[in-house]
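Engineer: Take a look at this one; I'll ask things after.
The values are calculated or read from the model by the stated rules, or taken from the named source; none is laboratory data. Please read these numbers as outputs of a predicted model, since none were measured by experiment. When we count neighbours, we look across all protein chains shown, and the Cβ atoms used for this are built from the backbone with ideal geometry, even at glycine. When the accessible area is computed, the model is the full protein with side chains, heavy atoms only, and any ligands, DNA or RNA have been set aside. Shrake-Rupley method; radii C 1.70, N 1.55, O 1.52, S 1.80 Å.
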Amino acid sequence: VLFTGYFEPVYDASLNPDDSFKHPIYKRPDDLIITDLSLFKPEFKGKKIVGRIEGTNFLPYFSKRQIVEEEVLKGQGLEIAWLRDPVDVAFLQIQGSGQLKLQNGNTINVGYSTSNGLTYRSIGRYMLDKEFLNRKEMSMQSIRRYLSEHPAKVNEILNYNPSYIFFRRLKTGPLGSISVPLTPGRSLALDSKLFPKGALAFISCKKPTINSRGEITGWDEFSRFVVNQDTGSAIKGAGRADIFWGNGPYAEIAAGHLKHDGDLYLLIKKP
């Protein structure tokens, strides 16, 4: 499978908006409806759609562009906190959880609640297609650097992905899709439609070696037992796996640059 990585980012935030903190993250709106299609026809078993009711019509939920640029959710009291940078909001949504450091010194944990149901589209793929970056330099760090250097492109690039993630406050660190705290280096995200949740697995892959300046000096082979505890919008199909690396500088670098082929073994009890 192709292994990538994810981590728990830590961002400065405020519980109230001001000139510095003006980019909100939202909790799940009351008008967001998740419909189980199997209730209508048995052949739709396992399929759901997300939408909202407008008059007598059931419509797709608002896109990221509508939420961010048109501010269609503003004034509903859905804001959990405000961040400094829209790129921080986007990366928090991609990672699915994070820590928010408040101005009073406190920290709150936030995690995935639900999405607007629209199909995830990779901003990294978009940047490659537009030749903003090349394949060799592609990483989470290079995406952030490009967006920082080209502020006029931020909305175009971030809104290419119509999917929008809503958060909830957590008492502890990040929770996976089975509501169990994730363990750095031991929790794996797989396609929940294909792999049994909570399954024990064994992986063989590579991880980076980093020097004191935060530079990758090499990639080391490693293997270990892991547990399938999570999933993700970009983790689709039998050939994809995402390793959770925790938080901190190493975790961010490993998550941002890991894109290596490796082996995945699922341990399944015999009947």
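Engineer: To make sure I understand the rule: partners must be aspartates and glutamates, Cα under 16 Å from the Cα of LYS27, and not fewer than 8 residues away in the same chain. Which ones qualify?
Structural biologist: GLU71, GLU79
Engineer: Sequence-distant or interchain residues sharing an amide H contact under 5 Å with TYR6, placed H: which?
Structural biologist: Hits under the 5 Å cutoff: ILE243, PHE244, TRP245.
Engineer: A further question follows. Any lysines with Cα under 23 Å of the LYS269 Cα? List them, leaving off those in the same chain fewer than 8 positions away.
Structural biologist: LYS193, LYS197
Engineer: So what is the 222 nm mean residue ellipticity for the chain from helices alone, if each DSSP H run of at least 4 adds -39500 (n - 2.57) and you divide by all residues, rounding to the nearest 500 deg cm²/dmol? Each step should come with its number before you reach the end.
Structural biologist: Details: 6 runs with 46 residues, N = 271.
Helix contribution divided over all residues of the chain: -4500 deg cm²/dmol.
Engineer: Quick one: 3J(HN,Hα) in Hz for the stretch 251-263, Karplus 6.51/-1.76/1.60 with θ = phi - 60°, rounded, Gly and Pro as x.
Structural biologist: Here the 3J(HN,Hα) series is 4, 5, 5, 4, 5, x, 10, 5, 7, 10, 6, x, 10 Hz.
Engineer: Across 5 Å bins from 0, what is the distribution of all Cα-Cα pair distances for the stretch 1-63, in whole percents?
Structural biologist: 4, 11, 13, 12, 12, 16, 14, 10, 6, 2, 0
Engineer: Mind checking which of LEU92, PRO24, THR119 is farthest towards the positive end of the chain's charge dipole, using Cβ charges of +1 (Lys, Arg) and -1 (Asp, Glu) about the Cα centre?
Structural biologist: Positive-most Cα among the choices belongs to THR119.
Engineer: Follow-up question, since we're still on this one. Over the stretch 1-91, with every protein chain in place, what whole percent of the accessible area is carbon and sulfur at 1.4 Å, could you tell me?
Structural biologist: Numbers: 2610 of 5210 Å².
Roughly 50 percent of what the probe reaches on the stretch 1-91 is carbon or sulfur.
Engineer: Go through LYS101/LYS153; LYS206/LYS270; LYS206/LYS259; LYS48/LYS236; LYS64/LYS101 and tell me which ones have a Cα-Cα distance over 20 Å in this structure.
Structural biologist: Working: LYS101/LYS153 27 Å; LYS206/LYS270 30 Å; LYS206/LYS259 9 Å; LYS48/LYS236 16 Å; LYS64/LYS101 25 Å.
In this structure, LYS101/LYS153; LYS206/LYS270; LYS64/LYS101 lie more than 20 Å apart at Cα.
Engineer: What's the longest bit of the chain with no exposed GluC sites (Glu not before Pro), using DSSP loop states and at most 15 other Cβ atoms within 10 Å as the test? Numbers along the way, then the final one.
Structural biologist: Working: sites that count: GLU69, GLU70, GLU71, GLU131, GLU215.
It runs 132-214.
Engineer: Oh, and also: Place a +1 charge on the Cβ of each Lys and Arg in the chain and a -1 charge on the Cβ of each Asp and Glu, then give the dipole magnitude about the Cα centre in debye, rounded to the nearest 20. Could the numbers behind the result be given before it?
Structural biologist: On the way: 36 positive and 29 negative charges, 181 e Å.
The dipole magnitude comes to about 880 debye.
Engineer: Which loop trypsin sites (Lys or Arg not before Pro) in the stretch 202-252, with loop taken from DSSP, have no more than 12 other Cβ atoms within 10 angstrom of their Cβ?
Structural biologist: Values: sites: LYS206, ARG213, ARG224, LYS236, ARG240; in loops: ARG213, LYS236.
Counting only loop positions with at most 12 other Cβ atoms within 10 Å, the trypsin sites (Lys or Arg not before Pro) in the stretch 202-252 are ARG213.
Engineer: Still on this structure: So with the 1.4 Å probe, I'd like the accessible area per residue for the chain, rounded to whole Å².
Structural biologist: Values: 14850 Å² over 271 residues.
Roughly 55 Å² per residue, with all protein chains present.
Engineer: Normalised by the empirical 2.2 N^0.38 Å for globular proteins, what value does the Cα Rg of the stretch 1-117 take? Walk me through the numbers before you get to the answer.
Structural biologist: Details: Rg = 16.8 Å, N = 117, 2.2 N^0.38 = 13.4 Å.
Cα-based Rg divided by the globular estimate yields 1.25.
Engineer: A further question follows. Tell me, how many Å apart are the Cα centres for the stretch 46-66 and for the stretch 201-260?
Structural biologist: A separation of 34 Å, based on Cα centres.
Engineer: Can you list residues whose amide H is under 5 Å from LYS206's amide H, if they're 5+ apart or on another chain and H is modeled 1.01 Å from N?
Structural biologist: PHE222
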